Amino acid sequence: MDIKSRIMDVPITGKPKKRSTGIVGLDLLLDGGFMQGSVIMIYGTPTSGLDVAAQQFWKVEGEEGSYLMNDGDIDAGMIDATDLHPEMYLPQMAGSRIVIDSLSNVIVKYGIEGAIKFLRLAREEIKKRGANLIFLVYTGIHTPMEMTRLMRSADIVIELTSHTSQNDVERLICVHKVKDSPVPQRMIPFNITERGIEASTTSRVV
């Protein structure tokens, strides 16, 4: 075997493939976006912008996806999952960009065990396909133990917060967990505009 053949046989390794979050500032914070094959939990209040972030991820051009809506208005292209048992979600999860809006509603209807079982099955499918699944969770609804179990079921955990100070509203994105990678040591501020979420792209520590 010559040198060229030996070189060709060496496996090429590098950074894991990543998929854009749909938010430029968050892509920078995560060094390129979400790892392909990962499950992402995004949580916060109903007015924190969770649904906006999820729709931006779903609508990134160039890739197909599925948005399963079970507790809100059904917009064009979304799947009405209002009356679907979570066991029926898997056949609906086509494409690489998948959103469950929301897992909170699944827990209220079917209990935490039903939600965890769904996530376990979904993780296997997502990893096999190299897709990404975002599930939304609303704060103030679930017990601390339920929140802990949901976070442990996710590869990436992101919180959207908002705080009112005098006449200003400060909104922040905080990444709490990234499986097998360092967790970013800073939060990034963001605004909700008519174009969606616009997050800071500076390196300033918040």
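Does ILE126 fit the bill of being touching a residue at least 24 places away in the same chain (Cβ under 8 Å) and more than 25 Å from PRO16 (Cβ to Cβ)?
For ILE126, the condition - touching a residue at least 24 places away in the same chain (Cβ under 8 Å) and more than 25 Å from PRO16 (Cβ to Cβ) - is not met.
Can you list the strands (runs of 3 or more DSSP E) lying wholly within region 100-206 that have 3 or more residues being crowded, with 18+ Cβ neighbours inside 10 Å and not aliphatic (A, V, I, L, M)? Walk me through it before giving the result.
Numbers: elements: 132-138, 156-165, 168-178, 188-193, 196-199.
Strands (runs of 3 or more DSSP E) meeting the threshold: 132-138.
If a residue must be part of a strand (DSSP E or B), under 21 Å from ASP155 (Cα atoms) and not hydroxyl-bearing (Ser, Thr, Tyr), how many such residues does region 40-74 contain? If you could, list the steps in order and put the result at the bottom.
Within region 40-74, the first condition is being part of a strand (DSSP E or B), and the residues that meet it are 40-44, 65-69.
Pick out the ones that are also under 21 Å from ASP155 (Cα atoms) and you get 40-44, 65-68.
Within this subset, residues satisfying the condition of being not hydroxyl-bearing (Ser, Thr, Tyr) are 40-42, 44, 65, 68.
Adding up the residues that qualify gives 6.
Can you tell me which of GLY95, GLY37, GLY25, GLY32 is touching a residue at least 60 places away in the same chain (Cβ under 8 Å) and in a loop (DSSP other than H, G, I, E, B)?
Details: GLY95 fails: touching a residue at least 60 places away in the same chain (Cβ under 8 Å); GLY25 fails: in a loop (DSSP other than H, G, I, E, B); GLY32 fails: touching a residue at least 60 places away in the same chain (Cβ under 8 Å).
The unique qualifying residue is GLY37.
Which condition does ASN105 not pass, out of (1) touching a Ser or Thr at 6+ places or on another chain (Cβ under 9 Å); (2) under 16 Å from LYS179 (Cβ atoms); (3) not hydrophobic (A, V, I, L, M, F, W, C), if it passes all the others?
With (1) touching a Ser or Thr at 6+ places or on another chain (Cβ under 9 Å); (2) under 16 Å from LYS179 (Cβ atoms); (3) not hydrophobic (A, V, I, L, M, F, W, C) applied to ASN105, the lone miss is (2).
Could you check, for region 75-89, whether at least one of its residues is out of contact with any Phe, Trp or Tyr (no Cβ under 7 Å at 6 or more places or on another chain), surrounded by 15 or more Cβ atoms within 10 Å (Cβ to Cβ) and in a loop (DSSP other than H, G, I, E, B)?
The answer is yes, given that some residue of region 75-89 is out of contact with any Phe, Trp or Tyr (no Cβ under 7 Å at 6 or more places or on another chain), surrounded by 15 or more Cβ atoms within 10 Å (Cβ to Cβ) and in a loop (DSSP other than H, G, I, E, B).
List pairs: first residue in region 161-172 and over 11 Å from THR47 (Cβ atoms), second residue of a type in the set (Asp, Glu) and modelled with pLDDT under 85 anywhere in the structure, Cβ distance under 7 angstrom, at least six positions apart or on different chains.
Close Cβ pairs (under 7 Å, with a partner that is of a type in the set (Asp, Glu) and modelled with pLDDT under 85) do not exist here.
Please verify whether region 46-68 includes one or more residues that are at pLDDT below 95, under 23 Å from HIS142 (Cα atoms), surrounded by fewer than 16 Cβ atoms within 10 Å (Cβ to Cβ) and of a type in the set (Ser, Thr, Tyr).
yes
So that you can scan it fast, the table gives a plain yes or no per residue for (1) more than 12 Å from the chain's Cα centre (by Cα); (2) closer than 14 Å to LEU133 by Cβ; (3) β-branched (Val, Ile, Thr):
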| residue | (1), (2), (3) |
| --- | --- |
| ILE40 | no, yes, yes |
| THR47 | yes, no, yes |
| LEU50 | no, no, no |
| GLY62 | yes, no, no |
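The values are calculated or read from the model by the stated rules, or taken from the named source; none is laboratory data. Because the structure is a prediction, the values reported are computed rather than measured. Cβ coordinates were reconstructed from backbone atoms using ideal geometry, including for glycine residues, and neighbour counts include every protein chain displayed.
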